[in-house]
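In what follows, a structure is listed as structure tokens, so that the remarks can point back to it.
The values are calculated or read from the model by the stated rules, or taken from the named source; none is laboratory data. Given the structure is predicted, the values throughout are model-derived calculations rather than measurements. Neighbour counts run over all protein chains shown; Cβ positions are idealised from the backbone, glycine included. When the accessible area is computed, the model is the full protein with side chains, heavy atoms only, and any ligands, DNA or RNA have been set aside. Shrake-Rupley method; radii C 1.70, N 1.55, O 1.52, S 1.80 Å.
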Amino acid sequence: MASAVRPPRVPKPKGVLPSHYYESFLEKKGSCDRDYKKFWAGLQGLTIYFYNSNRDFQHVEKLNLGAFEKLTDEIPWGSSRDPGTHFSLILRNQEIKFKVETLECREMWKGFILTVVELRVPSNLTLLPGHLYMMAEVLAKEEARRALETPSCFLKVSRLEAQLLLERYPECGNLLLRPSGDGADGVSVTTRQMHNGTHVVRHYKVKREGPKYVIDVEEPFSCTSLDAVVNYFVSHTKKALVPFLLDEDYEKVLVASSSRPVIVKPKKLPKPPAKLPKPSIGPKPEPRVFNGGLARKLPASSAQPLFPAAGLADMTAELQKKLEKRRALEH
């Protein structure tokens, strides 16, 4: 009796490795870690992804560079000189130490990180022309990516909610992008800065004119993307304005309950200095109001409400009273 003919085996489709701007082995140690832990790491956009090996497709950790402050070279503990294989990444609320195998690898990591966070190719690192060319290519990719992406400091909140967020959580930043309050698909910028010993909140309108975004300041300024709008305020105040970022460490998440969602309060972290540096070139305090708004809607994924309407009343009551008193005095 002839044996049954088995169908040919079809190989399982292989996974596609993630596309990174730069990748290599990287040893990482956070402030709570006693020792370095080795990962395969890859930089994509403003995120560093960490994998258990260079054959894995799923990351086990990730690090957001949105709160970037600076990079520093490190001398290992107990050593009298820098071997060129250690560096630290300093974010707004944490510091992460890294260790690599060579000086070249350290400079490459520093170069690519600076390229994506500063949107320019660094000129003060020990890099070869070929390395600089690679970073220039990454810069073009990152600029194109950001032109199509809504900044992380964009939240779908009202003018009042934006003011409350900046007042309650100053350690998360003092510049927030939000939908315009005029009913159109426009965008507004809300900032909060110390001025003559008092915190001053200001609101600016941003109008979409063809492919450009025009900021309504004393001399209207055109930008190519919403990310460039944020960069305008940061650069023109010498980084006194910091984009608002909901850090995972704060655990500000909406928790679903049987009746209504509630807000989990963040863990207490050391507060930054109360006084921010005075900007050398500041946008006009009282901007004009544009009629009209963005020609296209912002992505739905980033347009989720931050606070439930039912749970906001008690949080905003005090601030609402302040605003009503101020308006009564103005009239």
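Among the candidates Arg192, Arg168, the residue that is open to solvent by 10 Å² or more (accessible area, probe 1.4 Å), basic (Lys, Arg) and closer than 24 Å to Ser222 by Cα is uniquely Arg192.
For every residue, the table says whether it meets (1) in contact with a His (Cβ under 9 Å, 6 or more places away or on another chain); (2) free of Cβ contacts under 8 Å to residues at least 60 places away in the same chain; (3) more than 11 Å from Phe244 (Cα to Cα); (4) part of a strand (DSSP E or B).
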residue: Glu137; (1), (2), (3), (4): no, yes, yes, no
residue: Ala144; (1), (2), (3), (4): no, yes, yes, no
residue: Leu160; (1), (2), (3), (4): no, no, yes, no
residue: Leu164; (1), (2), (3), (4): no, no, yes, no
residue: Gly181; (1), (2), (3), (4): yes, yes, yes, no
residue: Ser188; (1), (2), (3), (4): yes, yes, yes, yes
residue: Tyr204; (1), (2), (3), (4): no, no, yes, yes
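Residues in the range 217-227 that are touching a residue at least 60 places away in the same chain (Cβ under 8 Å) and open to solvent by less than 40 Å² (accessible area, probe 1.4 Å): Val217, Ser225, Leu226, Asp227. The condition of being out of contact with any Lys or Arg (no Cβ under 6 Å at 6 or more places or on another chain), open to solvent by 30 Å² or more (accessible area, probe 1.4 Å), part of a loop (DSSP other than H, G, I, E, B) and modelled with pLDDT of 85 or more holds for Lys238. Residues that are open to solvent by less than 40 Å² (accessible area, probe 1.4 Å) and under 25 Å from Val117 (Cβ atoms) within the range 195-216 comprise Tyr204, Val206, Tyr213, Ile215, listed in sequence order. Within the option set Leu43, Leu65, being surrounded by 14 or more Cβ atoms within 10 Å (Cβ to Cβ), touching a helix residue (DSSP H, G or I) at 6+ places or on another chain (Cβ under 8 Å) and at pLDDT 95 or above holds for one residue only, Leu43.
Exactly one residue among Phe98, Phe68, Phe87 is more than 25 Å from Tyr232 (Cα to Cα), hydrophobic (A, V, I, L, M, F, W, C) and touching a residue at least 40 places away in the same chain (Cβ under 8 Å), and that residue is Phe98. Is it true that some residue in the range 86-102 is touching an Asp or Glu at 6+ places or on another chain (Cβ under 8 Å) and surrounded by fewer than 12 Cβ atoms within 10 Å (Cβ to Cβ)? Checked the range 86-102: no residue is touching an Asp or Glu at 6+ places or on another chain (Cβ under 8 Å) and surrounded by fewer than 12 Cβ atoms within 10 Å (Cβ to Cβ). Only a single criterion out of (1) touching a residue at least 24 places away in the same chain (Cβ under 8 Å); (2) more than 22 Å from Leu246 (Cα to Cα) is not satisfied by Val121, namely (1).
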